[in-house]
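A.B. asks: This is the structure I have questions about; it appears just below.
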Amino acid sequence: MDSLIAVTAKTGSTPYTISVSDELGHHWLADEPVQMGGANAGPSPVHLLLSSLGSCTAITLQMYAERKQWPLADVHVELQFNPDGKPAPQHSVISRKITLTGDLSAEQRGQLLKIANACPIHKLLTGTIEISSSLSE
């Protein structure tokens, strides 16, 4: 990641519906479900977090298999946040189930699982994160 990655989130007239954009010109919405007071106009922040991990996992596995010229035909990643209910304070669980399609050996499948655990978002989420917050003037 050589260049600055920046995202902006901004409220609007609909409660909890957030307009999100990035430095590349992409635009999307985040929202809360109706039962939480939102309009369900987009995925919730937790869904966006899970989508980051799932996307990164699938892309990383595709890239690795392509470099190795392995016959990986498809990657399907299913994620759940705290699947067993609310965990202890300051501890959350993400369940990630990866389905690999293709004529892969057991050794290749095992290596791909190791690579999944080394995708950049997995490393970020399992490492120490410091968030520096300030108010703009």
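The values are calculated or read from the model by the stated rules, or taken from the named source; none is laboratory data. Remember, it's a predicted structure, so these values are computed and weren't measured experimentally. Here Cβ is always computed from backbone atoms with ideal geometry, including for glycine, and neighbour counts include all displayed protein chains.
A.B. asks: For the list (1) under 15 Å from the mean Cα position of the chain (by Cα); (2) under 19 Å from Leu124 (Cβ atoms), I need the number of the one condition that Asp22 fails.
C.D. replies: (1)
A.B. asks: Only one of Gly85, Gly54 is surrounded by fewer than 10 Cβ atoms within 10 Å (Cβ to Cβ), assigned by TED's automatic domain parsing to the domain that holds Leu124 and either more than 15 Å from Leu104 (Cβ to Cβ) or touching an Asp or Glu at 6+ places or on another chain (Cβ under 9 Å) (or both). Can you tell me which?
C.D. replies: Gly85
A.B. asks: Contact list please: Cβ distance under 7 Å, first residue in region 36-58 and in contact (Cβ under 8 Å) with a residue 12 or more places away in the chain and more than 30 Å from Lys114 (Cα to Cα), second residue among the hydrophobic types (A, V, I, L, M, F, W, C) and in a loop (DSSP other than H, G, I, E, B), pairs at least six apart or on different chains.
C.D. replies: Filtered contacts from region 36-58: no entries.
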